[in-house]
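Quick notes on the structure that follows.
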Amino acid sequence: MGGPSDFLDLDELLSDEERELRDTVRRFVRERVLPEIAGWFERGEFPVEMAKELGALGLFGMHLTGYGCAGASAVQYGLACMELEAGDSGFRSFVSVQGSLAMFPIWKYGSDEQKEEWLPKMAAGEAIGCFGLTEPDVGSDPASMRTTARLDGDEWVLNGSKMWITNGGVADLAIVWARTDDGVRGFIVPRESPGFTTRDIERKLSLRASVTSELVLDDCRIPSDNVLPGVTGMRGPLSCLNEARYGIVWGAMGAARACFEAAVEYATTREQFGKPIGSFQLTQRKLADMLVELSKGQLLALHLGRLKDAGTVKPEQVSLGKLNNVREALAIARECRTILGANGITLEYPVIRHMNNLESVLTYEGTVEVHQLILGQALTGLDAFS
């Protein structure tokens, strides 16, 4: 048996290459993230200077091929997300946005020139990207976006704003989705573009070790060839979201595992009434129930990874994974906090940090309600969105 974090010996279902990749990322998190993460979270900082280290590990766009990308499997990418989020959701978000939301649309829908210009630099961590879809008044209904783009000679002129954008304030380029006369299109907006500014969102109590920003496009002008030529319509941004949701299926289990490990250790060392609190039946019931949900979530993530590698995974299956695993990870974090008692609300332990982060993860890349409606439509064939 693989211990409390791998009770079902899922390690035996991984290949040597998958285990090696996982162990490499786990070691990086243990050595470079965990010693400092409480301070970064408390101060509201993200160490963007570590981007090149993440790039050197091959983590940016690792599931893509060519242009300096690692060409890893979906399971390997998932394992990396799990280990990163066991450190902090901010690190998994940084890698996920860079690879699945900024690099993926260029790789999938960009011109050869766009791919050659941006992807090698982004894979190396020399250029940081962000993804502009959500707006101040448009969240779960992105098709209602108000940001517009119009052609003016040999330039596109963009107007609007995007909100809650991870990496926005540190990004060298933004993938911005805007309404045109021909439908929704994606645009590469370099940071130095005239009329493009960012404002970081402060006073967050979640994802504090992550940069979250507003993108402002005020008659922002970019060259006409900065449009992504390979897609028109909402299919473009939604396909990117599905890539990011897949990483979250795994990442949430990393956060849950970190909380669970802290709770198990605390329960076996903290004494009350003359014995460890883990010896009480109520504490053991909590631990057992959390173990069941953690193990199920890990199995679900691995199954979806194998389907994705086989090219057969469906978006609604990824929605099921995102809905279940984040919801259960948050429940695990909250239960672990009760085991740690008052200690559970301090940054001396990882639990409250993960719990707060998961409140954001529960909402982004599709709320609980959105994924419930996706599954409902898949079951009934009836659209309840409108």
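Using the Cβ-Cβ distance between R235 and Q272 with R0 set to 45 Å, the FRET efficiency from 1/(1 + (r/R0)^6) comes to roughly 0.20. Judged by the ratio a/c of the largest to the smallest principal axis of the C-alpha gyration tensor, region 116-173 counts as oblate, that ratio being 1.5 or greater while a/b is no larger than b/c. Remark: the chain carries 43 Å² of accessible area per residue (probe radius 1.4 Å; ligands, DNA and RNA excluded). Across region 114-119, rounded Karplus estimates of 3J(HN,Hα) from the backbone phi angles (6.51 cos²θ - 1.76 cosθ + 1.60, θ = phi - 60°) give 5, 4, 5, 6, 9, 4 Hz, Gly and Pro being marked x.
Each Lys or Arg adds one and each Asp or Glu subtracts one; over the other residues with Cβ under 13 Å from the Cβ of E202, this totals +2.
What is the angle, in °, between the Cα long axis of helix 368-380 and the longest principal axis of the Cα atoms in the chain? Nearest 10 is fine, range 0 to 90. Taking Cα atoms only, the helix is inclined about 80 degrees. Sort region 267-310 into rounded, prolate or oblate with this rule: let a ≥ b ≥ c be the square roots of the eigenvalues of the Cα gyration tensor; rounded if a/c is under 1.5, and if a/c is not under 1.5, prolate when a/b is larger than b/c, oblate otherwise. It is prolate, given that a/c is not under 1.5 and a/b is the larger ratio.
What does the C-alpha gyration tensor say about the overall shape of region 217-330? Classify as rounded when a/c is under 1.5, otherwise prolate if a/b is larger than b/c, or oblate.
Prolate is the answer for region 217-330, as a/c is 1.5 or above and a/b outweighs b/c.
When you work out D = kT/(6 pi eta Rh) for region 284-364 at 10 °C and 1.306 mPa s, using the Kirkwood radius from C-alpha pairs as Rh and the Stokes-Einstein form, the result is 115 µm²/s. Across region 49-171, the convex hull enclosing all Cα atoms gives 127 Å³ per residue.
Of the chymotrypsin sites (Phe, Trp or Tyr not before Pro) found in region 1-42, the ones in coil according to DSSP and having at most 16 other Cβ atoms within 10 Å of their Cβ are F7.
Under a Cβ-Cβ cut-off of 13 Å, what is the net charge of the residues other than L158 that fall near it, where Lys and Arg count +1 and Asp and Glu count -1? In short, +1. The modelled label-to-label distance between D289 and Q372, using points 7 Å beyond Cα along the C-beta direction, is 2.0 nm. For region 346-371, the residues whose amide N sits under 20 Å from a probe point set 7 Å from the Cα of D141 along the beta carbon direction are 363-371.
For region 141-196 versus region 311-386, the spacing of their alpha-carbon centroids is 29 Å.
Between amide H atoms placed 1.01 Å from N, distances below 5 Å from A72 occur with H63, L64, all of them 5 or more places distant or on a separate chain.
Between amide H atoms placed 1.01 Å from N, distances below 5 Å from V184 occur with G233, M234, all of them 5 or more places distant or on a separate chain. With all projection directions averaged, the alpha carbon convex hull of region 1-111 covers 7.9 nm². Computed per residue of the chain from DSSP H runs no shorter than four, each worth -39500 (n - 2.57), the mean residue ellipticity at 222 nm is -15500 deg cm²/dmol.
Among the trypsin sites (Lys or Arg not before Pro) found in region 90-124, not one is both in a DSSP coil and sparsely packed, with 11 or fewer other Cβ atoms within 10 Å of its Cβ.
Taking 0.36 nm per residue of separation and subtracting the current Cα-Cα distance, fully stretching the chain between E42 and E116 would add 22.8 nm. Counted by Cβ distance under 10 Å from T148, the other residues give a net charge of +2, where Lys and Arg count +1 and Asp and Glu count -1. The Cα center of region 219-265 and the Cα center of region 21-81 differ in position by 15 Å.
The dipole here belongs to the chain: it is taken about the Cα centre, uses +1 on the Cβ of Lys and Arg and -1 on the Cβ of Asp and Glu, and is about 960 debye. Share of carbon and sulfur in the accessible area of the chain stands at 51%, probe radius 1.4 Å.
Put simply, the Cα atoms of region 10-56 extend 40, 22, 13 Å along their principal axes, the longest span coming first.
Which of the peptides 125-133, 345-353 is most tightly packed, and how do the rest follow, going by the mean number of other Cβ atoms within 10 Å of each residue?
Working: 125-133: 24.6, 345-353: 18.9.
Result, highest mean Cβ count within 10 Å first: 125-133, 345-353.
Estimated translational diffusion coefficient (Stokes-Einstein, Kirkwood radius over Cα pairs, 37 °C, 0.692 mPa s) of the chain: 154 µm² per second. What is the helix-to-structure angle for 351-363, meaning the angle in degrees between its Cα long axis and the longest Cα principal axis of the chain, kept from 0 to 90 and rounded to the nearest 10? In the chain, helix 351-363 runs at an angle near 40 degrees to the longest axis. Using 0.36 nm per residue of separation minus the Cα-Cα distance, give me the extension gain between R32 and A342 in nm, one decimal. Net length gain for the segment: 108.8 nm.
The values are calculated or read from the model by the stated rules, or taken from the named source; none is laboratory data. Computed from a predicted model, the values in this text were never measured in an experiment. Glycine also receives a Cβ, built like all others from the backbone with ideal geometry; neighbour counts cover every protein chain displayed. Note: areas computed on protein heavy atoms with side chains; ligands, DNA, RNA excluded. Shrake-Rupley method; radii C 1.70, N 1.55, O 1.52, S 1.80 Å.
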